[in-house]
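Single-structure report; data block below.
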Amino acid sequence: MKIVVAKMSGFCMGVRRAVEMVLDAPGRHPGPICTYGPLIHNPQVLDLLASKDIATIQAIPECGTGTVLIRAHGVPPEPKTRLKAAGYRVIDATCPRVVRVQSIIRKHARQNHAVIIVGDRDHPEVVGLLGYAGTSGHVVAGVEGLQRLPVFENAILVAQTTQNTRLYAEVREWARRHCPHYKVFETICDSTERRQSEVQRLAESVDAVVVVGGRESGNTQRLFEIARRTGKPASH
């Protein structure tokens, strides 16, 4: 059997950066070291951190000690403030690509633009992005969700950084035809785009595709969806 490994396999820049930051934290920052929410969606990495006594906290206590790292997906602004108020040293390991989207949203929400996020409502990244949009935020999964929204006088469109590129292209095209005054931003990570394109190409030249990654990972889920859509046998 011939096995072809994708050239883009492995961690993206944002995930690699977050992992390096948390592994470098012991000895460099006050302990104990913990992360606010799972650092990334990879069970093997989370097991590694647990073996090094780097815990994950889901709730913010009234008083805390040590250092807490913000997960790669980012969080809304309010938890950061509460973590600092509780007494933690806070290190932000949010992916720089996600930080860019947060900045776009914060700027335009302050200018009274409606913020339309194309993504998975319950995904940690989208939850964090909504926190920067405030009451101006709306989440849609695709064109149908966009059609159900009112037409806003001023609005921006952004995508979850790990969104399906084909789906977002459909959303952009609908907005171009029906709401040309909306500001549309290209916010899907370039690494995500390259991975999705490579999976599409690979699937066309092999008999089956195996996608290896955490089941909670937006990146992995998209790659599996793309592979399965080609009609080839696909496993996650």
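Yes or no, residue by residue, for (1) within 19 Å of I40 (Cα to Cα); (2) in contact (Cβ under 8 Å) with a residue 24 or more places away in the chain; (3) aliphatic (A, V, I, L, M):
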position	(1), (2), (3)
T135	no, no, no
A155	no, yes, yes
H181	no, yes, no
I188	yes, yes, yes
R194	no, yes, no
S217	yes, yes, no
T220	yes, yes, no
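Filtered by the rule that a residue be within 23 Å of E216 (Cβ to Cβ) and open to solvent by 10 Å² or more (accessible area, probe 1.4 Å), region 119-141 gives D120, R121, D122, H123, P124, V127, L130, G131, Y132, G137, V139, A141.
One residue stands out among those in region 13-69 that are farther than 23 Å from V99 by Cα and charged (D, E, K, R): the one that is nearest to the chain's Cα centre (by Cα), which is D47. In region 197-209, the residue that is surrounded by the most Cβ atoms within 10 Å (Cβ to Cβ) out of those that are within 23 Å of the chain's Cα centre (by Cα) and free of Cβ contacts under 8 Å to residues at least 40 places away in the same chain is Q200.
Suppose we filter region 1-17 for residues that are of a type in the set (A, V, I, L, M, F, W, C) and not in a loop (DSSP other than H, G, I, E, B); how many remain? Explain how you work it out, then say what you get.
Taking region 1-17 as the starting set, the residues that turn out to be of a type in the set (A, V, I, L, M, F, W, C) are 1, 3-6, 8, 11-13, 15.
Filter again for not in a loop (DSSP other than H, G, I, E, B), leaving 13, 15.
Selection size over region 1-17: 2.
For region 168-196, filtered to residues that are out of contact with any Ser or Thr (no Cβ under 8 Å at 6 or more places or on another chain) and at pLDDT below 95, the residue that is most open to solvent (accessible area, probe 1.4 Å) is R194.
Among the residues of region 213-220, is there at least one that is of a type outside the set (G, A, S), within 15 Å of the chain's Cα centre (by Cα), buried (at least 18 other Cβ atoms within 10 Å of the Cβ) and within 30 Å of T94 (Cβ to Cβ)? If you could, list the steps in order and put the result at the bottom.
If we filter region 213-220 for residues that are of a type outside the set (G, A, S), which is where we start, we get 215-216, 219-220.
Retained after the next criterion (residues that are within 15 Å of the chain's Cα centre (by Cα)): 215-216, 219-220.
Then keep just the ones that are buried (at least 18 other Cβ atoms within 10 Å of the Cβ); that gives 219-220.
Next cut, within 30 Å of T94 (Cβ to Cβ) only: 219-220.
Yes: one or more hits.
Of the residues making up region 177-236, those that are among the small types (G, A, S) and under 26 Å from K107 (Cβ atoms) number 2.
In region 105-116, the qualifying residues are those that are of a type in the set (A, V, I, L, M) and more than 16 Å from the chain's Cα centre (by Cα), and the one that is surrounded by the fewest Cβ atoms within 10 Å (Cβ to Cβ) is A109.
The set of residues in region 138-156 that are over 14 Å from Q111 (Cβ atoms) and part of a strand (DSSP E or B) comprises H138, V139, V140. Scanning region 157-174 for residues that are within 17 Å of F224 (Cβ to Cβ), of a type outside the set (V, I, T) and outside any helix (DSSP H, G or I) yields Q160, Q163, N164.
Could you run through region 211-226 and say how many residues are of a type in the set (A, V, I, L, M, F, W, C) and within 13 Å of E125 (Cβ to Cβ)? First the steps, then the outcome.
Filtering region 211-226 down to residues of a type in the set (A, V, I, L, M, F, W, C) leaves 211-212, 223-224, 226.
Pick out the ones that are also within 13 Å of E125 (Cβ to Cβ) and you get none.
Adding up the residues that qualify gives 0.
Scanning region 175-199 for residues that are assigned to a loop (DSSP other than H, G, I, E, B), more than 30 Å from F11 (Cβ to Cβ) and not hydroxyl-bearing (S, T, Y) yields C179, P180, H181.
The values are calculated or read from the model by the stated rules, or taken from the named source; none is laboratory data. Remember, predicted model here, so these are calculated numbers, not experimental data. Methodologically, a virtual Cβ is constructed for each residue, glycine included, from the backbone with ideal geometry; neighbour enumeration extends over all protein chains shown. These area figures cover heavy atoms from the full protein model, side chains too; ligands, DNA and RNA do not enter into them. Shrake-Rupley method; radii C 1.70, N 1.55, O 1.52, S 1.80 Å.
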